Amino acid sequence: IGVVGTGRIAVRFVPEAKYVSGVMVNSVYNPKIESAKEFGDQFELDLATDDFNAFMKEVDAIYIASPHQTHYEYAKRALEQGKHVLCEKPLAFKRAEAEELFAIAREHGVVLLEAIKTAYCPGFVQLVGIAKSGVIGRICDVEACFTRIANIHSRERTDPKYGGAFLEYSGNVLMPIIKILGTDYQSVTFDSFD
C-alpha cells in the first residue's frame, strides 16, 4: 500500500498498518518532494516520490490522506489504474463525483472505502445490531453527535472552501442514523449553528 500525503493523519496510519495482517506500506507520494523524502526516511519506505505515475506502479492500493480538495482526483486516477483505495473523508464534494468513483471501482473490480473507521469498530457494530434486532422496540428517531478535542486552527477546520466541521465530522454523525434507519428517507435538511 502507498500513502498519498504526509501530514499528521498519514503519520498515524503507517505505524498502525503494521498491525494489519498482509498489509505493508512501501511508498509515499507528495507533490512536494521534500515532504515525501522526509516521510519516507522516517518510516523507512522503499519509495518517496513526487511522481504519481511512478508511485502507482509500486502499489496495489493507496491510502489518501492529502488535503480534502485532492481526494476525488487521486482516487479517480488510482481506481482507473485498478488500485484499491482507502480515502480519508470527504471522498468527494459532490454526489455525482462519489457515484462516479464507486462506478469506476466496480468496473475495475477494486475496493473503494471512505475512512470512517467507526463503522468497523466492534462496539459500534454491536450497538447497531442490538438497535436493529428489535429488542429495544421500534426505533423512530436517531440523534447523533460527534465531539473531539481538536486544533481549532487546523486547515481542515479553517479552510472556508474545503474545510469546516461538516466536511470533517458529518460522516461520523450520519453513519449511525443511516445504519439504523436506512436510506429510504423522504427529505434531508441540514442546519448549522455558530
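The values are calculated or read from the model by the stated rules, or taken from the named source; none is laboratory data. For clarity, every value in this text was computed on a predicted model and none was experimentally measured. Please note: Cβ atoms are built from the backbone with ideal geometry, for glycine as well, and neighbour counts cover all protein chains shown. Heads up: the accessible areas ignore ligands, DNA and RNA and are worked out on the full protein's heavy atoms, side chains in. Shrake-Rupley method; radii C 1.70, N 1.55, O 1.52, S 1.80 Å.
Structure notes:
- Contact order normalised by residue count of the chain, Cα under 8 Å, 6+ apart, percent: 15 percent
- Listed by chain and number, the lysines whose C-alpha is less than 23 Å from the C-alpha of Lys132, apart from same-chain residues fewer than 8 away, are Lys117, Lys179.
- Per residue accessible area of the chain, 1.4 Å probe, in Å²: 65 Å²
- Only helices enter the 222 nm calculation for the chain: every DSSP H run of n ≥ 4 contributes -39,500 (n - 2.57), and dividing by all residues gives -13000 deg cm²/dmol, rounded to 500.
- For the chain, the longest principal axis of the alpha carbon atoms and the long axis of helix 8-17 meet at an angle near 90°.
- Counting Lys and Arg as +1 and Asp and Glu as -1 over every other residue whose Cβ lies under 13 Å from the Cβ of Met175, the net charge comes to +2.
- With loop membership from DSSP and a limit of 11 other Cβ atoms within 10 Å, the longest segment of the chain without trypsin sites (Lys or Arg not before Pro) is 33-93.
- Neighbour net charge for Lys32 - beta-carbon separation under 11 angstrom, K R +1, D E -1: -2
- For the range 87-194, applying the loop criterion from DSSP together with a ceiling of 10 other beta carbons within 10 Å to the chymotrypsin sites (Phe, Trp or Tyr not before Pro) yields Tyr185, Phe190, Phe193.
- Computed over Cα pairs, the Kirkwood radius of the range 11-87 leads via Stokes-Einstein (1.002 mPa s, 20 °C) to a diffusion coefficient of 168 µm² per second.
- Where GluC sites (Glu not before Pro) fall in DSSP loop in the range 63-161, at most 14 other Cβ within 10 Å: Glu143
- Accessible surface of the chain, 1.4 Å probe, proportion on carbon and sulfur as whole %: 52 percent
- Surrounding net charge for Glu44, when Lys and Arg each add one and Asp and Glu each subtract one, Cβ distance under 13 Å: -1
- Helix 95-108 vs. the chain, principal-axis angle (Cα, 0 to 90°, nearest 10): 60 degrees
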